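The values are calculated or read from the model by the stated rules, or taken from the named source; none is laboratory data. From a predicted model like this one, the values you see are computed outputs, not experimental measurements. Cβ sites come from the backbone with ideal geometry, for glycine too, and all protein chains shown count toward neighbours. Quick note on the areas: whole protein, heavy atoms, side chains included, nothing else; ligands and nucleic acids left out. Shrake-Rupley method; radii C 1.70, N 1.55, O 1.52, S 1.80 Å.
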Amino acid sequence: KPEVQAYLSTVQNRTLERWVLPPSVSADQQVTLRFKLDVAGSASNVSLIRASDNALGLSAVDALRSASPFPAMPDSARCLVRVPITATFSNPVAG
C-alpha cells in the first residue's frame, strides 16, 4: 500500500539523516537491519543482519535507534505494528 511505503520511507530518511559513518568507509555500501515498530513509532529489537563492514553495520544500528521514535504510525500503516521488518540501507556518503 502507498501509505505503508510512505511510512517506511520516513523511517529510512530519518535513519539516513542520523547515520554517522565510521572513518574510511567508502560510499554505496549496504547494511541490512531487522527491527520492529510500535504504534507510537518506537523501534525495538534492532539487530544487524548483514553488512560488508562490522563498524558500518553498528553505525547503522545506532542511527536507527537514534532516529526512533518515528512519527506515530497512521491507521493505514498499522499492519507494520510489531512485525519484524527487514530493511536495507545504503550509506549516503563516504566517510
L21 is checked against (1) at pLDDT 95 or above; (2) surrounded by 14 or more Cβ atoms within 10 Å (Cβ to Cβ); (3) touching a Gly at 6+ places or on another chain (Cβ under 6 Å) and fails just one. What number does that condition carry?
(1)
Restricting attention to the stretch 47-72, which residues are open to solvent by less than 50 Å² (accessible area, probe 1.4 Å), out of contact with any Lys or Arg (no Cβ under 7 Å at 6 or more places or on another chain) and touching a residue at least 40 places away in the same chain (Cβ under 8 Å)?
S59, A60, L64
Are any of the residues in the stretch 41-60 in a loop (DSSP other than H, G, I, E, B), farther than 13 Å from L21 by Cβ and not basic (K, R)?
yes
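Would it be correct to say that T88 is in a strand (DSSP E or B), open to solvent by less than 70 Å² (accessible area, probe 1.4 Å) and over 17 Å from V4 (Cα atoms)?
no
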Among residues of the stretch 39-77, those that are of a type in the set (D, E) and under 12 Å from the mean Cα position of the chain (by Cα), counted:
1
Condition set part of a strand (DSSP E or B) and crowded, with 17+ Cβ neighbours inside 10 Å, scope the stretch 24-40, selection modelled with the lowest pLDDT: answer is V31
From (1) touching a residue at least 40 places away in the same chain (Cβ under 8 Å); (2) closer than 15 Å to A63 by Cα; (3) not in a strand (DSSP E or B), pick out the condition that doesn't hold for N13.
(1)
